[in-house]
């Protein structure tokens, strides 16, 4: 009986590449509210759009697993299980969910056609901005035991404009890659269907 790998060498390489990009994105940061502003949400968006819901989600789980065992991949070269359950843990745990949701939305919205700008941007805004910030904000306030309203401006409104800009940038990058590699989305969808089947 032949053994079939869960991931091909190409898929493992792509996942590893996005783990590396997540690490780099985490080190480009501004920290003035207790929740660092990094480029990691940009990489999460690109993982969902370019790798698809299956590979993108796997890459985020690999990233979290490496952080859990102590790899210093988060902002400020932090790592360890304590970081995942600290005040910003909700944002980190949202990465796989956001990636899956983005990949799923792009796949469904395009309906077999070439993705349109607004399809991709809406997927990024829903998965990479709304979901991440909503769950991350609730986690942060619960962990710090502070009223939601008291931290609404600092916890949400300060970061949302920057992440909307990242969503626009990620949309431009994704559409450029789709044009350069027309078979990318078709391959991602086929892999996802095969994995479910």
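The values are calculated or read from the model by the stated rules, or taken from the named source; none is laboratory data. Keep in mind the model is a prediction, meaning the values are calculated, not measured. Every residue, glycine among them, receives a Cβ derived from its backbone with ideal geometry; neighbour counts consider all protein chains shown.
Points to keep in mind about this one:
- One residue from 161, 115 being modelled with pLDDT of 75 or more and either farther than 25 Å from residue 15 by Cα or part of a helix (DSSP H, G or I) (or both): 161
- Filter pass, residue 98 being buried (at least 16 other Cβ atoms within 10 Å of the Cβ), farther than 20 Å from residue 11 by Cα and either within 20 Å of the chain's Cα centre (by Cα) or at pLDDT below 85 (or both): no
- The one condition from (1) in contact (Cβ under 8 Å) with a residue 40 or more places away in the chain; (2) farther than 19 Å from residue 14 by Cα; (3) out of contact with any strand residue (DSSP E or B) (no Cβ under 9 Å at 6 or more places or on another chain) that residue 78 does not meet is (1).
- Residue check: residue 143 meets all listed conditions (1) exposed (fewer than 13 other Cβ atoms within 10 Å of the Cβ); (2) farther than 29 Å from residue 120 by Cβ; (3) modelled with pLDDT of 80 or more but one, namely (1).
- Filter result (in contact with a helix residue (DSSP H, G or I) (Cβ under 7 Å, 6 or more places away or on another chain) and at pLDDT below 90) within segment 8-38: 26, 33, 35, 37, 38
- Top-ranked residue in segment 57-91 [being closer than 20 Å to residue 163 by Cβ and modelled with pLDDT of 95 or more; ranked as surrounded by the fewest Cβ atoms within 10 Å (Cβ to Cβ)]: 64
- As a summary of the residue check, residue 87 satisfies the conditions (1) in contact with a strand residue (DSSP E or B) (Cβ under 9 Å, 6 or more places away or on another chain); (2) outside any helix (DSSP H, G or I); (3) touching a residue at least 12 places away in the same chain (Cβ under 8 Å) except for the one numbered (1).
Yes/no matrix, rows are residues, columns are (1) closer than 23 Å to residue 13 by Cα; (2) outside any loop (DSSP other than H, G, I, E, B); (3) out of contact with any helix residue (DSSP H, G or I) (no Cβ under 8 Å at 6 or more places or on another chain); (4) in contact (Cβ under 8 Å) with a residue 24 or more places away in the chain:
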position: 51; (1), (2), (3), (4): yes, yes, no, yes
position: 54; (1), (2), (3), (4): yes, yes, no, yes
position: 63; (1), (2), (3), (4): yes, yes, no, yes
position: 66; (1), (2), (3), (4): yes, yes, no, yes
position: 72; (1), (2), (3), (4): yes, no, yes, no
position: 83; (1), (2), (3), (4): no, yes, no, no
position: 93; (1), (2), (3), (4): yes, yes, no, yes
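- Condition met for residue 43 (modelled with pLDDT of 95 or more, within 21 Å of residue 133 (Cα to Cα), in contact with a helix residue (DSSP H, G or I) (Cβ under 6 Å, 6 or more places away or on another chain) and buried (at least 23 other Cβ atoms within 10 Å of the Cβ)): yes
- Flag for residue 155 being under 20 Å from residue 86 (Cα atoms) and at pLDDT below 70: yes
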